[in-house]
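S.K.: Quick one: the structure is below, questions incoming.
The values are calculated or read from the model by the stated rules, or taken from the named source; none is laboratory data. Since the model is a prediction, treat every value here as computed from it, not as a measurement. Cβ placement follows ideal geometry from the backbone for every residue including glycine, while neighbour counts extend to all protein chains displayed. Remember, those area values only see protein heavy atoms, side chains included, never the ligands or the DNA or RNA. Shrake-Rupley method; radii C 1.70, N 1.55, O 1.52, S 1.80 Å.
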Amino acid sequence: HGAAELDEMGTEALPRRTPAPAWIPTAKGEEGDFCLRSSDCAAGLCCARHFWSKICKPVLREGQVCTRHRRKGTHGLEIFQRCQCAEGLACRLQREHGPADASRLHTCQRH
C-alpha cells in the first residue's frame, strides 16, 4: 500500500513544493491577481485582503481615501483592505470647512 495508492491518485492530488527554476522569469502580479505578499505584485501595487483571499491593489495616491488604524493589529480584521499611501504621503484626517469633526474621513496627503 502506499506506492500503488499514489499511482491511482495521480500527481494532480499532490501539492507541488518545488520552486520554479531560476531560469523561468517570474512575472509580478498585476492589479486583481492573487498574491501572498506585496513583493508578489508589480510596482505601484500592494498585496491586500479582498474577502478571504489577497489580491494586488493599487497603492493610494494623493487625495484618495485611506484607512487609519487606531489600534495596532486591527488591519488584519478588514475584509477589504486598502494599500498604504504612496511614498511622500501620509494618511491624515481630511480637513473640511464646517463644524469640527464633521468628517472622520482620512485621505492621503503630502507630509
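S.K.: Consider Leu14 carefully, then state whether it is among the hydrophobic types (A, V, I, L, M, F, W, C) and modelled with pLDDT of 85 or more.
M.R.: no
S.K.: Being modelled with pLDDT of 90 or more and loosely packed, with under 11 Cβ neighbours inside 10 Å, is that true of even one residue in segment 95-107?
M.R.: Within segment 95-107, none of the residues are modelled with pLDDT of 90 or more and loosely packed, with under 11 Cβ neighbours inside 10 Å.
S.K.: If the Cβ limit is 9 Å and pairs must be 6+ apart or interchain, which residue in segment 72-101 that is at positive phi and among the small types (Gly, Ala, Ser) pairs with which residue that is modelled with pLDDT under 95 and in a loop (DSSP other than H, G, I, E, B)?
M.R.: From segment 72-101, the pairs are Gly88/His111.
S.K.: A further question follows. Any idea which residue in segment 25-58 is most open to solvent (accessible area, probe 1.4 Å), counting only those that are among the aliphatic types (A, V, I, L, M) and not in a strand (DSSP E or B)?
M.R.: Leu36
S.K.: Right, Glu62: surrounded by 10 or more Cβ atoms within 10 Å (Cβ to Cβ), within 25 Å of Gly44 (Cβ to Cβ), of a type in the set (Asp, Glu) and modelled with pLDDT of 95 or more or not?
M.R.: Here the answer is yes, as Glu62 does meet what is asked.
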